[in-house]
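Laboratory data are not the source of any read-out in this text; all were calculated from the coordinates shown. Only a predicted model underlies this, so the values are computations on that prediction, with no experimental measurement involved. Quick reminder, even Gly has a Cβ in these numbers, built from the backbone with ideal geometry, and neighbours come from all protein chains shown.
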Amino acid sequence: MGTMIKLVVQDQAEPLEVYEAKPTGEIRGGLIVIEEVWGLAGHIKDVADRFAAEGYWVLSPELLSETRITEHASTLMLDVFDPKTRNEAQPRLRQIMTPIREPDFGAKTLARLHACFEYLYGQPDTKEWVAVTGFCFGGSYSFALALSETRLKAAVPFYGHADTEDLEALKKVTCPILAFYGEKDERLMATLPETEGAFKKAGVHFTAKVYPNCGHAFFNDTNPFTYNEKAAKDAWRRTIELLAAN
């Protein structure tokens with residue numbers, strides 16, 4: 001359904017590669033879909049197409065081109081989650097992902113997301129209605145965009161990390177946030193009470209949905225080690241309902 005386009009990002013030499021999926025009928029609004037740590041893989045393009053079928057004009061940017069992760073993603077993802085190969089695969093993943101630890105990576109990534117936002121926000125058919133969702137890496141940057149873009153209509157992070165240390169920054173969030181977690185995702189579950197408390201203190205409409213017997217990446221139907229069909233279908237339903245309500 002979708003096609004690859006290029007967007008110019010201010011103060012960045014290289015154009016941004018973006019997967020664009022548009023509805024065939026009425027457009028309900030714009031939506032940014034942010035990739036997992038595996039890059040702009042087929043799964044993310046499929047998710048973008050599914051949202052387009054629901055009436056949303058979708059942009060899914062390739063934010064990890066510096067890592068060249070997509071060259072390794074198809075095998076490395078399974079190796080990282082397979083208990084038999086996990087210990088050997090994790091150092092390989094850390095090495096490939098070294099560029100995201102550079103000091104300016106976060107600022108560059110947010111600038112790219114803002115370019116996607118402005119592109120969708122400026123389209124007459126989206127009527128200045130733009131939301132964001134993302135998975136893992138993309139879940140964390142869904143939180144980040146919600147903190148930095150007051151025109152955003154909704155944010156739906158899937159198993160992402162929220163930076164909640166700056167209360168004044170949290171108070172600038174204007175959109176509702178619906179965040180999904182897997183009960184067995186120990187790292188994120190350990191910080192969830194703190195995340196909920198910080199958003200509550202800041203007056204943000206934050207809702208966390210935790211799925212029992214699920215871990216990280218429960219929505220990814222290309223990962224047999226993590227996918228949970230029941231949880232994924234419920235999260236999809238809740239996401240569509242939130243987008244429609246806002």
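Just a few scattered comments:
- Test: residue in the stretch 204-224 that is closer than 21 Å to Ile34 by Cα and either in a helix (DSSP H, G or I) or among the acidic types (Asp, Glu) (or both): yes
- Pairs where the first residue, in the stretch 22-49, is free of Cβ contacts under 8 Å to residues at least 40 places away in the same chain and the second is assigned to a loop (DSSP other than H, G, I, E, B) and hydroxyl-bearing (Ser, Thr, Tyr), C-beta under 9 Å, 6+ apart: Asp46/Thr222
- Residue in the stretch 121-142 that is nearest to the chain's Cα centre (by Cα), counting only those that are hydrophobic (A, V, I, L, M, F, W, C) and buried (at least 24 other Cβ atoms within 10 Å of the Cβ): Phe135
- Take the conditions (1) over 17 Å from Ser140 (Cα atoms); (2) free of Cβ contacts under 8 Å to residues at least 60 places away in the same chain; (3) surrounded by fewer than 21 Cβ atoms within 10 Å (Cβ to Cβ); Glu196 misses just one of them, which is (1).
- Any hit, the stretch 168-177, residues being over 18 Å from the mean Cα position of the chain (by Cα) and either more than 19 Å from Ala198 (Cβ to Cβ) or of a type in the set (A, V, I, L, M, F, W, C) (or both): yes
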